[in-house]
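Inspection log for the structure reproduced underneath, given as structure tokens.
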Amino acid sequence: MGFRGRKSRTQRKHFVQSRENNWKSSNKNGDSDEQQQNAAITDNNKNNRENSNPTWQRFATQNLAFDEYYKEQEIVPPEEWNTFVDCLRSPLPAAFRINSSSQCYLEIRSKVENDFVKSLQEEGTDGSEVEAIRPLPWYPENLAWQSNFSRQQLRKNQILGRFHEFLKLQNEIGNITRQEAVSMVPPLFLDVRPDDFVLDMCAAPGSKTFQLLEMIHHSAEPGSLPGGMVLANDADVQRCNLLIHQTKRMSTANLIVTNHEAQHFPSCHLNRSYAKGSEPREAKGLDIDQLLFDRVLCDVPCSGDGTLRKAPDIWRRWNAGMGNGLHGLQIQIAMRGMSLLKVGGRMVYSTCSMNPIENEAVVAEILRRCGGSVELVDVSGELPQLVRRPGLKKWKVKDKGMWLTSYKEVCNSRRAAVVPGMFPSGNVYVDAPEHGDDASRSQLPDNGSNSNSQNGIGVLQDPTTPTTILDEEASSLPLERCVRIVPHDQNTGAFFIAVFHKISPLPVIQKKPFGQPGKTTSRGNFQAQTFTEVKDINADEVEQVDSVDNRISEVTMDDDDILENGKDEAPPDTDPSKIVDEKRPEQIEPPSDGRSDPELVTGKRKLQMQGKWKGIDPVIFYQEEVVVDQIKAFYGIKESFPFKGHLIVRNVDINHVKRVYYVSKSVKEVLDLNFLAGQQLKIAAVGLKMFERQKSKDAGAFRITSEGLPLLLPHITKQILYASPVDFKHLLQHKSLKFGDFEDAKFRENASKLQFGCCVVVLNKDNKTLSEPQVDASTIAIGCWRGRNSITVMVTELDIQELLQRMLMYMEENADNKPLTDEADKIVKAHEAEFNILKNNETNHR
């Protein structure tokens with residue numbers, strides 16, 4: 001069924017063109033009434049600034065509709081309202097997390113604790129005694145920190161200035177991640193273990209994905225990989241690119257990035273492709289026959305009013321309809337995540353919204369649909385130092401300016417937009433039919449009951465809920481186990497978190513649609529909703545990252561979108577394994593416009609040939625044994641290192657491969673399964689870039705990349721040089737040195753014996769005689785190129801600067817190297833100056 005005047009989905013470019021600067025805008029003629037009203041609100045506060053900068057205009061931080069809505073919902077007690085709002089109007093402190101899987105994370109934490117923090121405590125900040133940098137008490141191992149100082153303090157205080165430059169460098173390299181404090185909480189409640197398969201359903205821009213990878217890699221020994229993996233997914237292609245950019249700093253072989261709508265994330269299992277009597281998974285060498293996950297993170301799109309402190313433009317455009325419009329999509333995503341969760345697994349549902357329609361109402365609907373197969377976990381004993389509040393048990397729905405306390409108060413014309421699941425009880429009410437009124441009676445499900453009639457309104461029970469507990473269901477749902485974080489408790493943003501535990505397989509529920517005469521409905525008791533245009537925001541999407549423009553895309557959903565969601569798709573509230581094979585949705589050939597969404601083709605789904613997604617490079621296992629054997633022989637890679645079957649390429653032309661990627665055993669299993677299942681996954685990125693082709697005909701034409709070196713280093717026995725601190729420092733400083741310029745005669749001799757091509761130079765900090773790499777957390781090594789009579793560094797300027805800083809930190813711990821420390825300090829400062837010039841030139845060019 002078509003709809004007239006259907007709007008196309010809002011594209012990222014439309015939002016970018018219309019979005020205003022978050023912090024200032026030009027006060028020119030022709031301003032809209034809304035802009036003028038916002039300017040009037042802040043007139044008294046910006047007079048002084050206008051005198052010095054007439055183009056500066058402060059954003060309005062007031063919205064009467066917002067105040068009315070959350071006062072009515074009793075989001076905080078009345079006596080706390082002023083404190084709550086004042087906190088929302090204040091700037092949000094910056095926060096960052098030290099990457100626990102980084103090789104030098106202990107050194108970074110020590111530098112923050114013993115250098116910056118102690119120095120600031122001794123002298124104060126800008127004449128005051130405030131703690132400008134402090135650890136977040138609830139984050140494990142003092143790895144998360146919060147900083148609270150102004151730009152003016154940053155300019156005046158040299159320690160803060162040095163700290164700021166330190167953060168920028170470490171963030172670029174990947175040793176730290178800038179992330180809002182409350183955004184770090186959901187992954188902690190997931191309780192991820194190294195062997196877990198984790199799904200991040202709405203992953204962009206990637207801060208939480210990065211955090212999940214840290215948890216998996218945290219206990220891994222150098223040269224080894226954990227048994228688990230993370231599959232990070234996002235529906236928007238541009239945001240997938242941002243996700244890839246963010247996670248690239250992790251240098252991991254345990255990650256797959258996919259590009260699917262979360263509510264339609266594909267099932268991937270052998271039963272889809274193999275008929276009865278086909279070979280079992282063991283014959284195919286697979287350990288898994290269905291892609292299910294131990295942990296699922298559903299950080300769903302939301303209205304984002306919990307991010308007001310860092311995204312003040314939300315103040316002027318906030319309205320109650322934003323939450324109502326996303327309620328249905330959030331349920332679909334959460335139910336799809338629950339169906340992909342293993343029995344015994346844990347799923348976290350989270351939003352950066354304070355709206356109960358997006359929070360408790362969604363959680364309640366999930367519990368109703370899943371029945372006793374899912375429980376809400378009480379996490380009050382976890383992260384005890386995190387100040388949190390219980391979930392709400394009561395709330396109201398506001399629609400078109402009217403407050404509604406029950407679905408029976410919803411007028412017929414609005415029952416397509418306001419659904420029963422938005423209310424605390426979840427009860428469904430329909431008009432009590434007149435005697436013999438078959439048209440009205442046909443709206444009731446077969447198992448529905450209309451015996452409870454109140455003032456002409458019939459109470460319709462949820463088919464999944466036993467009749468005996470219907471009256472008690474709303475009060476018996478343990479929504480107080482949800483976690484609400486409000487800004488003024490710990491000087492953070494706002495966040496909502498619910499933790500689910502899957503006890504048993506989800507029930508297979510066959511429901512018949514019901515609704516108002518003339519209204520088209522979707523599956524079950526979830527009626528087709530008319531979505532207002534809302535902003536698709538995750539809590540960490542508005543992080544300010546220096547090197548990336550973190551723009552946010554909008555999503556516009558209307559009735560047609562909901563109807564499309566229901567076409568021939570696997571029901572979101574069932575396990576994939578319980579769906580009859582003939583009814584499973586199959587991927588189709590993407591249309592000419594590049595979209596890969598399933599569509600009906602002459603009443604049947606057209607099977608996608610070879611699973612090739614348009615615009616996405618294929619994933620091909622690299623099985624050129626001659627080339628692989630040459631690589632192994634050139635570097636002396638040990639047989640104990642799992643090499644065969646772990647190399648992939650993204651180029652169909654095997655003869656012109658430029659990059660070779662390495663994948664972990666867990667990722668390899670998923671790729672094998674995906675291939676045998678018809679390549680259901682639209683893979684945007686996978687694997688750790690380990691080898692890259694150089695313009696050389698030598699056997700060493702494939703060099704080891706900086707990303708792959710930490711994993712491969714303990715397993716190579718050839719092409720290795722051990723440099724003293726003096727020679728290592730000179731090599732970093734000059735980037736290329738002839739053999740005769742190295743001070744160590746043994747180094748010169750060994751360098752001349754190497755084959756032409758890529759080599760590895762390891763810092764021999766103690767000048768010991770080493771026959772093979774002794775790799776630990778403090779090992780420093782770089783990839784180089786052995787030319788005819790020289791050694792040339794093959795790392796980026798950022799890496800050089802970071803390595804010099806690490807050397808400086810190491811040398812400062814040794815009194816015997818004091819003269820060298822001073823010289824290295826000069827080199828570090830020179831490289832910092834050079835790096836800043838390059839960054840400024842790049843910024844000006846942009």
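The values are calculated or read from the model by the stated rules, or taken from the named source; none is laboratory data. What you see is a predicted model, and the numbers here were worked out from it, not measured in a lab. Every residue, glycine among them, receives a Cβ derived from its backbone with ideal geometry; neighbour counts consider all protein chains shown. When the accessible area is computed, the model is the full protein with side chains, heavy atoms only, and any ligands, DNA or RNA have been set aside. Shrake-Rupley method; radii C 1.70, N 1.55, O 1.52, S 1.80 Å.
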Exercise for the section: Let me know the shape class of the range 57-172, please: from the alpha-carbon gyration tensor, a ≥ b ≥ c as square roots of the eigenvalues, rounded when a/c is under 1.5, otherwise prolate if a/b is greater than b/c, or oblate. Expected result: prolate
Exercise for the section: Report, to the nearest whole %, how much of the accessible area of the range 69-209 belongs to carbon and sulfur atoms, 1.4 Å probe, protein only. Expected result: 44 percent
Fill in the blank from the handout: FRET efficiency (ALA745, GLU141; Cβ distance; R0 56 Å; to 0.05) is 0.80
Practice task
Just subtract the alpha-carbon distance of LYS394 and SER224 from 0.36 nm times their residue separation and send over the number in nm, one decimal.
Solution key: 56.2 nm
Exercise for the section: Beyond 25 Å between alpha-carbons counts as too far, so tell me which of LYS718/LYS738; LYS614/LYS658; LYS738/LYS765; LYS632/LYS765 fall in that bin. Expected result: LYS632/LYS765
Handout entry: Exposure rank, largest accessible area first [PHE96, PHE675; 1.4 Å]
Key = PHE675, PHE96
Handout entry: Under 18 Å from the GLN694 label point (7 Å along Cα→beta-carbon), backbone N, the range 785-808
Key = 785-797, 800
Fill in the blank from the handout: Ordering 663-673, 194-204 by per-residue average of other C-beta atoms within 10 angstrom, highest first, gives 194-204, 663-673
Practice task
Measure out, as a whole number of angstrom, how far apart the alpha-carbon centroids of the range 164-192 and the range 73-115 sit.
Solution key: 11 Å
Problem - Cβ-derived FRET efficiency at R0 56 Å, SER110 paired with GLU375, nearest 0.05 - result: 0.85
Exercise for the section: Report the extension gain between ARG317 and ASN491 in nm, rounded to one decimal, defined as 0.36 nm multiplied by the number of residues separating them, less their alpha carbon distance. Expected result: 60.3 nm
Fill in the blank from the handout: Plugging the Cβ-Cβ distance of GLU74 and LEU286 into 1/(1 + (r/R0)^6) at R0 = 60 Å yields, to the nearest 0.05, a FRET efficiency of 0.70
Practice task
Once you have all Cα-Cα distances for the range 680-742, histogram them in 5 Å bins from zero and send the whole-percent values.
Solution key: 3, 12, 15, 18, 22, 15, 6, 4, 2, 2, 1, 0
Practice task
Quick one: go through the range 784-800 and flag any residue whose amide nitrogen is under 13 Å from the point 7 Å out along the Cα-to-Cβ line of HIS730.
Solution key: 791
Practice task
Could you sort 392-400, 790-798 so that the peptide with the highest average Cβ count within 10 Å comes first and the rest follow in order?
Solution key: 392-400, 790-798
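Checking the a/c ratio against 1.5 first, then a/b against b/c, what shape does the Cα gyration tensor give for the range 289-369? Each step should come with its number before you reach the end.
Values: a/c = 2.98, a/b = 2.08, b/c = 1.44.
Judged from the Cα gyration tensor, the range 289-369 comes out prolate (a/c at least 1.5, a/b above b/c).
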Exercise for the section: Within 10 Å, count the other beta carbons around each residue, average over each peptide in 300-312, 67-79, and list them highest first. Expected result: 300-312, 67-79
